[in-house]
Amino acid sequence: MDTLQKTIGAVVVLLVALSLLNCQSTTVKSDDQEKPVILVVSFGTSFNDSRQKTIGAIEEAVVRAYPDYAVRRAFTSQIVIDHIFQRDGEKIDNVTEAMNRLVNDKVKDVVIQPTHLMNGIEEKEMLSQIQPFEGKFRSITYGKPVLSSDADYTALVTIVREGTKAYDNPDTALVFMGHGTEDAANADYARLAALFKEQGFSNYFIGTVEATPSLDDVIVQVREAALEKVVLFPLMIVAGDHANNDMAGDEDDSWKSILTAEGFSVEAVIRGLGEYPGLQAHIVQHVADALK
């Protein structure tokens, strides 16, 4: 009996040792942990469906284009982050949290790729939050916002035209709602609108919610073009609160309601720019440009 007990004990000890060895092996870093990281930074939205169709689709396009990189997410809007967490229990990093996580994970090489439309307030705040971390990585590379070079403006006109061609009729005004900003980058809206006209797309119009050109400016332009039908689109990466409420809502102060009261026949399309395959490819190209 003593011999049997000793044998059983030896087997138990051996099994425990093997179990511990197996546990230790699982703590070794996986290939994903060793990969360089592309951090995709967006303003964010609390509209779950639009978030997946826009920001999520952009991130997935980056994943497909760069399988040797890990792709992570950060939002610049703390209000959006807090709202999602309180409502859904989903935690999304802000920029500082994302950078600290990269440091803690001992990531060596980082690419920062914003989905911001222009080099405005959000972009500048993002850069200021990242700069203190620059010395903590072997390399940190910055991709550009959607509108950065002269070629980007031309590319965005093509992307928008392709994404809205089903609505493009000579008797229809295609009106785009931009956010607007106090930053000098607000001039990008006027530049983009002028480029549509230069390329012969005279029924494309751009206004902003919070700056110029305003909806009043757009109404004047549409009347001058003698167009009676209007289709509204967001000129924003996501179709969030502005698109659903300020643009297409049923309240009296929405663009849809105001234009209807002005006598136009109005249709609203709730589709953020991030849903356009061309826009996704455009941001992937900015990653490529950064890596060059």
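A simple charge model with +1 on the Cβ of Lys and Arg, -1 on the Cβ of Asp and Glu and nothing else charged puts the dipole of the range 150-273 at about 520 debye relative to its Cα centre. Sorted largest first, the spans of the alpha carbon positions of the range 128-178 along the three principal axes are 56, 20, 17 Å. Put simply, the Cα atoms of the range 150-273 extend 38, 32, 23 Å along their principal axes, the longest span coming first. Each of 212, 202, 240 was placed along the dipole of the range 196-241 (beta-carbon charges, centred on the mean Cα), and the one lying farthest toward the positive end is 202. In this structure, the amide hydrogen of residue 179, modeled 1.01 Å from its nitrogen in the peptide plane, lies closer than 5 angstrom to those of 209, counting only residues at least 5 positions away or on a different chain. Basic side chains Lys and Arg get +1 at the Cβ, acidic Asp and Glu get -1 at the Cβ, and with that the dipole of the chain about its Cα centre reaches some 1420 debye. Relative to the 2.2 N^0.38 Å rule of thumb, the chain has a C-alpha radius of gyration ratio of 1.32.
Taking the convex hull of the alpha carbon positions in the range 27-172 and averaging its projected area over all directions gives 11.3 nm². Top mean-square fluctuation among 261, 243, 173, Gaussian network model of the chain, C-alpha springs under 10 Å? Highest fluctuation of the listed residues: 261. Around residue 113, which amide H atoms from residues at least 5 apart in sequence, or from another chain, sit under 5 Å from its own amide H, with H modelled in the peptide plane? Those lying under 5 Å, H to H, from residue 113 are 39, 40, 41, 143.
Taking the average, over residues, of other Cβ atoms within 10 Å as the packing measure, peptides 84-93, 268-277 rank 268-277, 84-93 from highest down. The alpha-carbon of residue 256 sits under 16 angstrom from the alpha-carbons of these lysines, leaving out residues fewer than 8 places away in its chain: 229.
Compared with the alpha-carbon gap, the fully stretched path from residue 197 to residue 172 is longer by 7.5 nm at 0.36 nm per residue. Computed from Cα atoms, the angle from the helix 277-291 axis to the main principal axis of the chain rounds to 60 degrees. For residue 118, the amide hydrogen comes within under 5 Å of the amide hydrogens of 146, 147, counting only partners 5 or more places away or on other chains and with H modelled in the peptide plane.
Residues of the range 110-145 falling in the label zone of residue 285, defined by backbone nitrogen less than 15 Å from a point 7 Å along Cα to beta-carbon, are 144-145.
The numbers here are math on the coordinates, done by the rules we state, and not lab data. Treat the numbers as computed from the prediction; the structure is a model and nothing was measured. No Cβ is skipped: glycine too gets one built from the backbone with ideal geometry, and neighbour counts run over all protein chains shown.
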